[in-house]
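Okay, structure first, notes after.
The values are calculated or read from the model by the stated rules, or taken from the named source; none is laboratory data. Small disclaimer: the values here were computed from a predicted structure and weren't measured. Here the Cβ positions follow ideal geometry from the backbone for every residue, glycine too, while neighbour counts run over all protein chains shown. Just so you know, the surface numbers come from the protein's heavy atoms only, side chains and all, with ligands and any DNA or RNA stripped out. Shrake-Rupley method; radii C 1.70, N 1.55, O 1.52, S 1.80 Å.
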Amino acid sequence: MSEELTEHLKSFKIWCIEMKKIYNVELKEDDYIFITANLEPISSNYISKMFNALKKKHNFERFSAHILRHTFVSILIAEGTAVTTVAKIIGDTPEMVMRVYAHSLADEELKATQILSSLIKIE
């Protein structure tokens with residue numbers, strides 16, 4: 001995890017603690033970092049509701065956490081990140097990454113062959 005992300009998470013945790021103190025909510029040693037406006041832990045249901053609200057507000061046909069994950073992985077692959085590294089980051093095996101995201105690699109292979117073709121000029 002980057003230093004910048006670490007600092008953001010630490011700042012958010014401090015904010016959460018301050019909010020709980022302001023609203024006289026008991027702090028526990030094992031409290032969650034991410035909380036809702038009601039000072040409750042964020043659940044997967046809450047995240048789904050947020051995605052659905054964004055989808056409705058912006059008239060997206062398809063929008064979900066899974067699509068963001070897919071986009072993130074596709075960008076990493078397009079930028080040349082090793083499949084083994086991508087797999088480690090997302091908690092999958094390299095084989096699974098290859099099976100699910102092979103189309104991204106195919107696009108990159110096509111670009112590579114086009115570059116090679118442009119370099120080889122047969123007269």
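Looking at Ile35, is it touching a Lys or Arg at 6+ places or on another chain (Cβ under 9 Å) and at pLDDT 90 or above?
No.
Among the residues of the stretch 83-110, which ones are open to solvent by 50 Å² or more (accessible area, probe 1.4 Å), of a type in the set (A, V, I, L, M, F, W, C) and modelled with pLDDT of 85 or more?
Ile89, Met96, Met98, Val100
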